[in-house]
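One structure is given below, encoded as structure tokens.
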Amino acid sequence: MKYKLRFCTTVLGLCLLVLMYYTPIAAQDQQHKVMQQISAQSEKLNCTKDDLSDLKLSNHHVSRQNGAAHYYFQQQYQGIPIKNRIINISFDKQGQIVTVGGQPISDIEEKVLAAPTGRKITATQAILASLDQLNIEQKDGLSPRSIEKISEQPLTFQAKGITRNDIKVFQEYLPIDDQLILTWTFALDLLSEAHYWELNIDAQTGQLLNKVDRIIHCDFGPGTPANMSEQPEEHHHHQCEDHTTSMEPLPQPQPGYSYNVYPLFTESPNHGDREIVTLPWSAGEGSPYGWHDTNGVEGHEY
């Protein structure tokens, strides 16, 4: 009995080892096949096969509903990603291509060579240059979590008194006009301001080339509540009208299927007032029987 149990345990262990060995290989083979099929679609994607020769799988999902497989690949040049250049391809459960899309960069090598060249700055210098250009005081300085090696990315830095989180830095090509400019990319979640900057710093000059604030700002103007300032603050996005203080009675709906509503394309109650809308479904074909009938037979279901 002990011999049989030991034998079964040994066989099970060997099966698990074989499964662990071959599963990654099968996944790599499948990924390689998918990349070949993307390469075959180069003309549809308006680029060459060389432009699609360095792709990295960024995500993969199989739908439980219909068995469709969706793949997302990051376009790269010599292992360095190109900003916002994702190629997607989907297959039905029979393995046939359903759709392929994306906006990959064409003539990558020419655009890389067209960019200015020179001595590259370090990741530390890039972060310090960004703080200087954003007028952020450098308090306790930067502390690298490890030795700064280009081959090991992202690089991680601690910025006490400046950011809430560690700064993770990696290299990325930024498309500008007909050039691909090598940059250091990172995000600054600032302690001193309500900003979460995502930045691209030129890896040669240290110049700030691109910044995006992940925090959305909206100015509602000088409202009447006591806790609102008398002067509106300056923000980065649109200005919304204040419709929250009106105490006038709301208009009443009129007969003939009229509705007292915020009309279509009014983003929120802060962007407009209610209006009487009559037969709103008559403007299109979305509700051929109106909003209360589902089958066209006399008598409403709702």
Which percent of the accessible heavy-atom area of the stretch 63-117 goes to carbon and sulfur, probe 1.4 angstrom? 43
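Arrange the residues Arg274, Arg64, Arg214 by how much accessible surface each exposes, largest first, with a 1.4 angstrom probe. Could you put the intermediate results ahead of the total?
Working: Arg274 90, Arg64 240, Arg214 125 Å².
Solvent-accessible surface, decreasing: Arg64, Arg214, Arg274.
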Quick one: which residues, 5+ away or cross-chain, put their amide H under 5 Å from the amide H of Ile181? H built at 1.01 Å from N. Leu174, Ile176
Which residue, chosen from His70, Ala114, Ser53, occupies the Cα position most advanced towards the positive end of the dipole of the stretch 47-132, where the dipole is computed from +1 (Lys, Arg) and -1 (Asp, Glu) charges on Cβ about the Cα centre? His70
5 Å is the cut-off here: which amide hydrogens, built 1.01 Å from N in the peptide plane, fall below it relative to Ile121, excluding neighbours closer than 5 in sequence? Gln204
Determine the per residue accessible area of the stretch 123-216 with all protein chains present and a 1.4 angstrom probe, expressed in square angstrom. 52
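Want the number for Leu142 to Glu193: 0.36 nm per residue separation, take away the alpha-carbon distance, what's left? Working shown, then result.
Numbers: separation 51, 0.36 × 51 = 18.36 nm, distance 1.85 nm.
Additional length available on full extension: 16.5 nm.
Would you mind checking Lys83/Lys168; Lys56/Lys160; Lys56/Lys111; Lys49/Lys111; Lys33/Lys168; Lys83/Lys111 for any pair whose Cα atoms are more than 23 angstrom apart? If you can, show how the numbers build up before the last one.
On the way: Lys83/Lys168 16 Å; Lys56/Lys160 34 Å; Lys56/Lys111 20 Å; Lys49/Lys111 16 Å; Lys33/Lys168 33 Å; Lys83/Lys111 14 Å.
Check vs 23 Å cut-off fails for Lys56/Lys160; Lys33/Lys168.
The values are calculated or read from the model by the stated rules, or taken from the named source; none is laboratory data. Note that the structure is a prediction, hence the values are computed from the model and not measured. Positions of Cβ are generated from backbone atoms using ideal geometry, with glycine treated the same way; all protein chains shown enter the neighbour counts. Accessible surface is based on the protein model in full, side chains and every heavy atom, while ligands, DNA and RNA are left aside. Shrake-Rupley method; radii C 1.70, N 1.55, O 1.52, S 1.80 Å.
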